[in-house]
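The structure appears right after this line, and notes come after that.
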Amino acid sequence: YNWTTLKEYKEILFQFYNGIAKISINRPQVHNAFTPRTVMEMSEAMELARQNPDVGAVILTGEGGKAFCSGGDQSVRGHGGYVGEDTVPRLNVLDLQMQIRRIPKPVIAMVAGWAIGGGHVLHVVCDLTVAAENARFGQTGPKVGSFDGGFGASYLARIVGQKKAREIWFLCDQYDAQEALQMGLVNKVVPLEQLEEATVAWCEKMLERSPLALRMLKASFNAELDGQAGIQQLAGDATLLYYLSDEAKEGKNAFLEKRKPDFTQYPKFP
Ligand code: 1HA
């Protein structure tokens, strides 16, 4: 594929091809562990992908074929979080998780090799996951002194069930691609050399679908789980659709023209 660079970063690649934005962690020497800077760069790229009208789907991945992401970089873990160049400890990957759930475009995790710890949670919060046969999944928190009790626990449990989610966290075992497929943790498993082809093919298929329908579906799936924030997202999309209607435009026009709005001509559907 002829990926073109959308913006240069230090710890990630941010590329574009045929309606697809690809955000790729580029720290293969540490199995794509993330620092606060990696996460800030991913956050910015995710926001740029959201705002870019040419982007209809986002691929999240890691460079090198041996790891998707191995979680927070333990070598910069300090007192209260992961410490960046500004010496401030952060858990900013939690904000990135929210962005992945909020962006009104499908986000698809493309997993080769390790998806571990906070890196596992990143694929969990993506809408879809395509895994290579060499993919390995697991949480390590209770082994290394951490836990993610947010989406990493509750959303994981929605995906694989309560018993399995507790097993994954309490035992800190690792699961291969076939086991992940069996527990519904990933959507598809393909040979490593077909991983990008299969992921791009799914993106291209989604790009042929109605973007508003996909947007409404993503908001609807979120709404059930995200409480008032989920309803706010779905309701915001309803407002977007309402703003497109003549009925809503009549209200605005009447205000600007300093007259009473006339809504009588608009249908009252049964
Ligand atoms: O839980 C959270 C959070 C919770 C709430 C809010 C925010 C959170 C943010 C983050 C996290 C976490 O991510 S906690 C979990 C952190 N991650 C881990 O515990 C995984 C650590 N890595 C491993 O267990 C293993 O590396 C591995 C099972 C993924 C692969 O093992 P393997 O194939 O034997 O490779 P290994 O030799 O261990 O790794 C290759 C190199 O990458 C090593 O460096 P080298 O000895 O060559 O210099 C290794 O140290 C480095 N590396 C791997 N993972 C990490 C790492 N370096 C720093 N941080 C890592 N996470």
field: Residue check for ASP86: more than 14 Å from the ligand (Cβ to nearest atom) and either open to solvent by less than 10 Å² (accessible area, probe 1.4 Å) or touching a residue at least 60 places away in the same chain (Cβ under 8 Å) (or both)
entry: no
task: Answer with yes or no whether GLU11 is over 19 Å from ASP127 (Cβ atoms), in contact (Cβ under 8 Å) with a residue 40 or more places away in the chain and in contact with a helix residue (DSSP H, G or I) (Cβ under 9 Å, 6 or more places away or on another chain).
output: no
message: Being open to solvent by less than 10 Å² (accessible area, probe 1.4 Å), within 16 Å of the ligand (Cβ to nearest atom) and out of contact with any Gly (no Cβ under 8 Å at 6 or more places or on another chain) is true for just one of MET42, MET46. Which residue is that?
response: MET42
- prompt: Out of all the residues in the range 24-42, is one or more touching a helix residue (DSSP H, G or I) at 6+ places or on another chain (Cβ under 6 Å) and among the small types (Gly, Ala, Ser)?
  reply: no
- request: Select from the range 178-214 the residues that are within 16 Å of the ligand (Cβ to nearest atom) and without any contact (Cβ under 8 Å) to a residue 60 or more places away in the chain and list them in ascending order.
  value: GLU179, ALA180
- request: Kindly provide the set of residues from the range 20-31 that are open to solvent by less than 10 Å² (accessible area, probe 1.4 Å) and away from the ligand (no atom under 16 Å from the Cβ), ordered by number.
  value: ILE20, ALA21, ILE23, SER24
query: Within the range 109-137, can you find the residues that are within 15 Å of the ligand (Cβ to nearest atom), under 15 Å from VAL93 (Cα atoms) and either part of a loop (DSSP other than H, G, I, E, B) or open to solvent by 10 Å² or more (accessible area, probe 1.4 Å) (or both)?
result: ILE116, GLY117, GLY118
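Within the range 138-166, track down each residue that is assigned to a helix (DSSP H, G or I), open to solvent by less than 30 Å² (accessible area, probe 1.4 Å) and more than 13 Å from the ligand (Cβ to nearest atom).
Selection gives ALA157, VAL160, ALA165.
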statement: The one condition LEU192 fails out of (1) under 22 Å from the mean Cα position of the chain (by Cα); (2) open to solvent by less than 60 Å² (accessible area, probe 1.4 Å) is (2)
task: Give the residues of the range 54-83 that are under 21 Å from PHE137 (Cα atoms) and open to solvent by 70 Å² or more (accessible area, probe 1.4 Å), sorted by residue number.
output: LYS66, GLN74
message: So if I check each of GLY56, GLY62, which one is under 16 Å from the mean Cα position of the chain (by Cα), away from the ligand (no atom under 16 Å from the Cβ) and on the phi < 0 side of the Ramachandran plot?
response: GLY56
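The values are calculated or read from the model by the stated rules, or taken from the named source; none is laboratory data. Given the structure is predicted, the values throughout are model-derived calculations rather than measurements. Cβ: placed from backbone, ideal geometry, glycine included. Neighbour counts: every protein chain shown. The protein model used for the area step is the full one, side chains on, heavy atoms only, and it has no ligands, DNA or RNA in it. Shrake-Rupley method; radii C 1.70, N 1.55, O 1.52, S 1.80 Å.
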